[in-house]
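The values are calculated or read from the model by the stated rules, or taken from the named source; none is laboratory data. Here the structure is a predicted model, which is why all the values come from computation and not from measurement. Cβ atoms come from the backbone with ideal geometry, glycine included; neighbour counts cover every protein chain shown. All accessible areas refer to the heavy atoms of the entire protein, side chains included, with ligands and DNA or RNA removed. Shrake-Rupley method; radii C 1.70, N 1.55, O 1.52, S 1.80 Å.
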Amino acid sequence: MELKDKLVSSFLAFDEQYQVDDDVQQIRNQAIKDFETLGFPSRKEEAWKYTSLKSALKHDYSIFPKKEDAIEYTQIKKYLNHDIDTYDLVFIDGIYSSHLSNTTHDKIDVCLMSSALNKDKFKPVIDNYFNKLAPKNGLNALNTAFTKEGAYIHIHKNIMADKPIQIINFSTGNESSLLLQPRNLIVVDENSHVQIIEKHQSLTDHPVLTNSVTEIFADRRAIVDYYKIQNDKETSSLIDNTFIEQKDESNCSVHTFSFGGNLTRNNLNFYQKGERIDSTLKGVTIIEGKQHVDHNTLVHHIYPNCESHQDYKGIFSDKSVGVFNGKVVVEKEAQKTNAYQSNNNILVDDKATINSKPQLEIFADDVRCSHGCTIGQLDEDALFYLQSRGIPRKEARGLLMYAFANNVLESVKIPEIKKRINNLIAEKLGIELGFNL
Amino acid sequence: MLKIKNLHASIEGKEILKGIDLEINPGEVHAIMGPNGSGKSTLSSVIAGREEYEMTDGEIIFENEDLAELDPEERAHKGVFLSFQYPVEIPGVSVTNFMKTAINAHRKANGLEDMPANEMLKLIREKSELLEIDRKFLSRSLNEGFSGGEKKRNEIFQMAMLEPKLSILDETDSGLDIDALKIVSNGVNKLRTENNAVLVITHYQRLLNYIVPDVVHVLIDGKIVKTGGKELAYELEERGYDWIKQEKAV
Ligand SMILES: Nc1ncnc2c1ncn2[C@@H]1O[C@H](COP(=O)(O)OP(=O)(O)OP(=O)(O)O)[C@@H](O)[C@H]1O
Ligand SMILES: [Mg+2]
């Protein structure tokens, strides 16, 4: 049976098993109908021209994972950030793991989507925000229909979250192949500040497909810094759908570090619903083998005096494939918009490919928009220069690639994350850094 | 120290160096002068090991070892240093980090451990003072946005850090203002010993007032056509190259 049919026919059983509030149930019911009509995206769609989900959809994924696997702390220790104190939301095969998590309701809510969907206390927030941002398409509909678990984060007005929040999704290989659909809701009220780190980690070589949806609402003057670390095994595929709505003077940034996985698709949309908003979208992709990473971004400038900064860097070895599709829409009212976009790539091997396509749709006249895309090899002059100073060619190559990717890290605000990513980059490039940044 | 015999080199099938002979002994300073496009930078690149140039004939012996088979980094480890006519900008790598990497690469090649951090800092401080380089400068990305003169001064700073046996200075004077020229030349002179040697490439006699050559060579169209003492530089400054070309034609 095709995955789509299997999902549709499993929905009734799912719906019975995971009860939710009536309103949410209605949303789920509608969503499964939408999914039935829309299905998975195909390469015929413009936005999916360079990325085929075929290989990721061919497995017979189990939709109902078995009970929580008793995973030992020692097994996953290395995937957690020990050097920073964080709130943690840990999910194992899609099921919340209370003994590995660290939640709170003290001034901020860092808890589970499943409880938020059922408890009266959270109903106003759910009614206001849940599924209000994700546009209607097959993948979002599928995730919405199967909504049961994920992170629920609410930072109340005038609060600065005292430590970063980490969302980690582990998969154990209990199932021969597993489909995960985390659903996250993050609401940051006026004048509040939060930092979030999100990771997906497979502990097995069994295929895993994750179709996650994250909706983020940043109210006036809110600051949200979001770090996505995509360094999973080559048997795992990830479709990340993240949608951000910003109000006046809010400042949101998403950094996406894609170093692993089989197929990774990032759908990242920013909607600016106010003035003097700042949006930052940055990414570093370093892949090899047959890996495929696709960044599909949208920044929608709707009101005047806003900014957006996009900076994506990619280093592609072997037969890996990169896609960058960055769309910027500046509405007629959005005068004095500053929108910058740059996508720079290094193809290490002849067989590696990058498809880079900026799309600017500008309807306002008084704006500053720039976009630039480069695709190149390493600069031979620079290599010779480094070699002539005694740095061996291999290291010189590593150093140049490192330097190329590294400036994206400048805007990372959590020093420990910066260091960690820095080390990951060095490790990926096979260089030993003789210095610390 | 350096013995070049009948060196022929070409790029993209075009012969640039057409039989060069050059011998430099420890403690000596040689200068090469010659018109634009005569092959001066090509010669320095070939000595430093740039792969784009194909050595079609002849040999380069450095300290009794044939350099032809060695990578640029191996030549550097043996003590060859090239101060580039056009230093390359390396965004994202600070001068300090670059220098640390280079020093430790040399040490590794010589079977030594990494230089301890405090020793490294001391060395950097000492050499940057020698060349009157501001500390702030050292944390900037290598050559990125440096002025022409700053780039050249930075090249000599690297030379001072690495203490090579043979330093090839390719038009290090171009871009330097009068004061900087003195500082940089003074730096080069302070680094001179009886065991190392300098090959200066320049268009102007002025530099040779500061870095005084033992021998001056004239390179025209890929060949050394005349060799003399430091007075030859004055003569060239005065008369240009035509008389030599004519002399040669006769
Ligand atoms: N990559 C290349 N491809 C083709 N020709 C080259 C290349 N590099 C150098 N040449 C040619 O080789 C010749 C010698 O160049 P070179 O840079 O060695 O001259 P030079 O003596 O250093 O000149 P200048 O005084 O202007 O620095 C020139 O005619 C130059 O155009
Ligand atoms: Mg030259």
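Given a 1.4 Å probe, how much area per residue of segment A:347-408 is accessible, in Å²?
Heavy-atom accessible area per residue stands at 46 Å².
Given a 1.4 angstrom probe, I'd like the percentage of the accessible area of the protein assembly as shown that is carbon and sulfur, rounded to a whole number.
Summing carbon and sulfur atoms, their accessible area is 46 percent of the total for the protein assembly as shown.
Only protein chains counted, 1.4 angstrom probe. Which residues of segment B:31-70 are at least 40 Å² less accessible in the assembly than when their chain is isolated?
Flagged in segment B:31-70: B:50.
Hey, rough spin-label estimate for residue B:23 and residue A:106, points 7 angstrom out along Cα→Cβ, what's it come to in nanometres?
Calculated label separation equals 8.3 nm.
Keeping all protein chains in the complex and leaving out DNA, RNA and ligands, what accessible area do you get for residue A:275 with a 1.4 Å probe, in Å² to the nearest 10?
It works out to around 60 Å².
Interface B/A, total buried accessible area with a 1.4 Å probe, nearest 100 Å²?
2200 Å²
Could you give me the ³J(HN,Hα) list for segment B:119-131, computed from phi with Karplus coefficients 6.51, -1.76, 1.60 and θ = phi - 60°, whole Hz, x at Gly and Pro?
These are the phi-based 3J(HN,Hα) values: 5, 4, 4, 4, 4, 4, 4, 4, 6, 6, 5, 4, 9 Hz.
Please label the shape of segment A:60-173 as rounded, prolate or oblate, based on the square roots a ≥ b ≥ c of the eigenvalues of the alpha-carbon gyration tensor (a/c under 1.5 means rounded; beyond that, a/b larger than b/c means prolate, else oblate).
Because a/c hits 1.5 or more and a/b fails to exceed b/c, segment A:60-173 counts as oblate.
Shape call for segment B:88-208 from the C-alpha gyration tensor, a ≥ b ≥ c root eigenvalues: rounded (a/c under 1.5), prolate (a/b greater than b/c) or oblate?
Verdict is oblate for segment B:88-208.
Could you pull out every residue, at least 5 positions away or on a different chain, whose amide H is within less than 5 Å of the one on residue B:216? Hs are placed 1.01 Å off N in the peptide plane, and Pro or chain starts have none.
Hits under the 5 Å cutoff: B:31, B:228, B:229.
Hey, quick one: spin label on residue B:5, modelled 7 Å out along Cα-Cβ, who in segment B:25-63 has an amide N within reach, i.e. under 16 Å?
B:56-63
Loop-only GluC sites (Glu not before Pro) in segment B:190-250, please: DSSP not H, G, I, E or B, and at most 15 other Cβ atoms within 10 Å.
B:194
Given an 8 Å cut-off on Cα distances and at least 6 residues of separation, report the relative contact order of segment A:333-411 as a percent.
Result for segment A:333-411 is 32 percent.
Around residue A:375, which amide H atoms from residues at least 5 apart in sequence, or from another chain, sit under 5 Å from its own amide H, with H modelled in the peptide plane?
Residues meeting the amide H criterion: A:345.
Let me check against my output: what whole-number percent is the relative contact order of chain A, with C-alpha pairs under 8 Å and at least 6 apart?
9 percent
Output ³J(HN,Hα) for segment B:233-246: one whole-Hz value per residue in order, computed from phi by the Karplus curve 6.51 cos²θ - 1.76 cosθ + 1.60 with θ = phi - 60°, and x for Gly and Pro.
4, 5, 4, 5, 4, 6, 10, x, 9, 4, 4, 6, 4, 5
Evaluated at 25 °C with a viscosity of 0.890 mPa s, what Stokes-Einstein diffusion coefficient in µm²/s does segment A:379-437 have when Rh comes from the Kirkwood expression over alpha-carbon pairs?
Estimated diffusion coefficient is 204 µm²/s.
Which FRET efficiency, nearest 0.05, do residue B:112 and residue B:51 yield, Cβ-Cβ r, R0 25 Å?
0.35
Go ahead and run the numbers for FRET between residue A:115 and residue A:77, Cβ-Cβ distance against an R0 of 30 Å, rounding to 0.05.
Efficiency computed from Cβ-Cβ geometry: 0.65.
Past 30 Å, Cα to Cα, is the threshold; run A:163/B:108; A:54/A:419; B:151/B:190; A:77/A:121; B:18/B:190; A:54/A:313 against it and keep the listed order.
Cα-Cα > 30 Å for A:163/B:108; A:54/A:419; A:77/A:121; B:18/B:190; rest within.
I want to check the label-to-label distance for residue A:423 and residue A:136. Put each point 7 Å from Cα in the C-beta direction and report it in nm to one decimal.
Those two pseudo-labels are separated by 4.8 nm.
How about segment A:199-254: which trypsin sites (Lys or Arg not before Pro) there lie in a loop by DSSP and see at most 11 other Cβ atoms within 10 Å?
none
Under the definition of Cα pairs under 8 Å and six or more residues apart, what whole-number percent is the relative contact order of segment B:2-249?
Relative contact order of segment B:2-249: 28 percent.
How about segment A:399-415: which of its residues lose at least 30 Å² of accessible area in the presence of all protein chains relative to their chain isolated, using a 1.4 Å probe?
When all protein chains are present, A:399, A:403 each give up 30 Å² or more of accessible surface.
Suppose we look only past 27 Å in the calculated P(r) of chain B. What percent of the Cα-Cα pairs does that tail hold?
That tail contains 36 percent of the Cα-Cα pairs.
Testing the spin-label approximation: label points 7 Å from Cα along Cα→Cβ at residue B:179 and residue A:373. State their distance in nm.
Once both label points are built, they end up 4.9 nm from each other.
Quick check on segment B:27-76: take the gyration tensor over C-alpha atoms, sort the square-rooted eigenvalues as a ≥ b ≥ c, and tell me if it's rounded (a/c under 1.5), prolate or oblate.
oblate
Residue A:17 to residue A:33: extension gain in nm, 0.36 nm per residue of separation minus the Cα-Cα distance?
Contour length minus Cα-Cα distance gives 3.9 nm.
Along the charge dipole of the protein assembly as shown, pointing to its positive end and built from +1/-1 on Cβ of Lys, Arg, Asp and Glu, which listed residue (B:162, A:257, A:179) has its Cα farthest out?
Of B:162, A:257, A:179, it is A:179.
Just the accessible area per residue of chain B, please: how many Å² with a 1.4 Å probe?
Accessible area per residue, chain B: 46 Å².
Tell me the GluC sites (Glu not before Pro) within segment A:332-399 that lie in a loop according to DSSP and have at most 15 other beta-carbon atoms within 10 Å.
A:333
Could you work out the helix-only [θ] at 222 nm for the protein assembly as shown, with each DSSP H run of four or more residues adding -39,500 (n - 2.57) and the total divided by the number of residues, to the nearest 500 deg cm²/dmol?
-8500 deg cm²/dmol
In debye, nearest 20: dipole of the protein assembly as shown around its Cα centre with unit charges on the Cβ of K, R (+) and D, E (-)?
580 debye
With r defined as the distance between the Cβ atoms of residue B:206 and residue A:351 and R0 fixed at 35 Å, what FRET efficiency is calculated, to the nearest 0.05?
Computed FRET efficiency for residue B:206 and residue A:351: 0.10.
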